[in-house]
Amino acid sequence: MQDVLGYQDKQVVITGAASGMGQAAAQLLVDLGAQVHALDIADVSVPVAQAIKVDMQDGDSIDAALAQLPGQIYALFNCAGVPCPPFSNEDAILINFAGLRYLTESLLP
């Protein structure tokens with residue numbers, strides 16, 4: 001695929017890469033030549049540069065994932081999220097907002 005978006009060899013992070021929109025976006029980024037670092041609690045099937053297990057509602061888990069990422073990140077794609085129900089309101093807020101915000105703010109220069 002021609003890299004019309006300019007991601008060739010760029011370091012990118014994507015959450016929720018194991019399924020749905022995140023999986024599709026991860027595959028597209030790989031096809032565009034990006035070095036994809038995928039974060040998910042589930043197994044990632046896309047052939048990414050690095051797949052890191054992370055629980056987005058656990059700050060320590062997010063910190064451990066951050067320690068495994070390269071120093072310079074070109075782009076962050078936050079695709080992780082859970083529906084409520086079947087997840088509780090607390091789980092949905094922690095994963096869909098608090099965890100993603102913590103990750104995002106931690107990656108900012």
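Summary of values
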| read-out | value |
| --- | --- |
| J(HN,Hα) series, the range 67-75, from Karplus relation 6.51 cos²θ - 1.76 cosθ + 1.60, nearest Hz, glycine and proline x | 5, 9, 8, x, x, 10, 10, 7, 8 |
| Solvent-accessible area per residue, Å², over the chain with all protein chains present [probe radius 1.4 Å] | 56 |
| Relative contact order for the range 15-92, counting Cα pairs under 8 Å that sit 6 or more residues apart, in percent | 28 |
| Carbon and sulfur %, accessible surface of the chain computed with the full protein complex present, 1.4 Å | 55 |
| The range 4-47: radius of gyration and largest Cα-Cα distance (Dmax), Å | 9.6, 31 |
| Potential extension, ARG101-MET21 segment - 0.36 nm per residue separation minus Cα distance | 26.9 nm |
| Surface accessible to a 1.4 Å probe, CYS84 within the full protein complex, Å² | 60 |
| Estimated Rh, the chain: Kirkwood, alpha-carbon pairs, angstrom | 13.9 |
| Dipole-positive endmost among VAL36, TYR7, GLN68 within the chain (Cβ charges, Cα centre) | TYR7 |
| Accessible surface of VAL4 - all protein chains present, 1.4 Å probe, nearest 10 Å² | 110 |
| Computed FRET value (nearest 0.05) for ASP58 with ILE93, which takes r as the C-beta separation and R₀ as 22 Å | 0.95 |
| With DNA, RNA and ligands ignored, accessible area of LEU5 (1.4 Å probe; Å², nearest 10) | 100 |
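The values are calculated or read from the model by the stated rules, or taken from the named source; none is laboratory data. What you see is a predicted model, and the numbers here were worked out from it, not measured in a lab. Reconstructed Cβ throughout: ideal geometry from the backbone, glycine too, with neighbour counts over all protein chains shown. Accessible surface areas use protein heavy atoms only, side chains included; no ligands, DNA or RNA. Shrake-Rupley method; radii C 1.70, N 1.55, O 1.52, S 1.80 Å.
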